[in-house]
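Shown next, in structure tokens, is the structure this report addresses.
The values are calculated or read from the model by the stated rules, or taken from the named source; none is laboratory data. The model shown is predicted, which means the values in this text are computed figures rather than measured ones. Every residue, glycine as well, gets a Cβ built from its backbone with ideal geometry; the counts of neighbours run over all protein chains shown. When the accessible area is computed, the model is the full protein with side chains, heavy atoms only, and any ligands, DNA or RNA have been set aside. Shrake-Rupley method; radii C 1.70, N 1.55, O 1.52, S 1.80 Å.
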Amino acid sequence: MNTSTQILPGIKFIGYVDIDTLPDAPRIDLAALCNMTVGIFTEIHPIDFFGSPDCRASSERVAGQSSETATLKFKSKSILPALSHIGFVITDIEGNNYFIGNQRPPFPTLKVDTIFGSPDGDSAGFDYEIKHTALKSIAKCKI
């Protein structure tokens, strides 16, 4: 089993899209596997976040099968809408854009924890963890 991990160098923007509004195009994971940049031609809703978000993609090859899991973690004061198919656009500090998601299953999973904070000033809000596993789970994109 071979595993490698890629970590994005600082995140300055996170937004979400309704995957159902993406144009019907080739699968994003297959395009990313071919090192193609995909176009995100739909409305991107910005997410306000605080702290230091973390995004990493881990590749694994087991018995000749490749898969990649992208994990995006961030804290926000806002609750995300309960869309059935949601994808995420990330911009790093160098201005590179990435997309996590796909038009067809498997879709990203979203875990949210409510943080109440402590009375002495700890932050309150929502702690998000997004995971997506596919042949290639994070794709370079143009927005």
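Numbers at a glance
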quantity	calculated
Test: residue in segment 99-122 that is loosely packed, with under 14 Cβ neighbours inside 10 Å, under 20 Å from Phe41 (Cβ atoms) and without any contact (Cβ under 8 Å) to a residue 40 or more places away in the chain	no
Single unsatisfied condition, Tyr128 versus (1) open to solvent by less than 60 Å² (accessible area, probe 1.4 Å); (2) among the hydroxyl-bearing types (Ser, Thr, Tyr); (3) more than 15 Å from Ala70 (Cα to Cα)	(3)
Residue list for segment 61-77, filter: among the small types (Gly, Ala, Ser) and over 18 Å from Ile11 (Cα atoms)	Ala63, Gly64, Ser66, Ser67
Answer residue from segment 41-59, given it is small (Gly, Ala, Ser) and more than 18 Å from Asn97 (Cβ to Cβ) and is most open to solvent (accessible area, probe 1.4 Å) among those	Ser52
Selection status of Ala139, open to solvent by less than 40 Å² (accessible area, probe 1.4 Å) and within 15 Å of Tyr16 (Cβ to Cβ)	no
Condition met for Gly125 (without any contact (Cβ under 8 Å) to a residue 12 or more places away in the chain and more than 11 Å from the chain's Cα centre (by Cα))	no
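For (1) among the hydroxyl-bearing types (Ser, Thr, Tyr); (2) at pLDDT 90 or above; (3) open to solvent by 60 Å² or more (accessible area, probe 1.4 Å); (4) in contact with a His (Cβ under 6 Å, 6 or more places away or on another chain), each residue gets a yes or a no:
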residue	(1), (2), (3), (4)
Met1	no, no, yes, no
Asp18	no, yes, no, no
Arg61	no, no, yes, no
Glu68	no, yes, no, no
Leu72	no, yes, no, no
Ile79	no, yes, yes, no
Ala82	no, no, yes, no
His85	no, no, no, no
Glu94	no, yes, yes, no
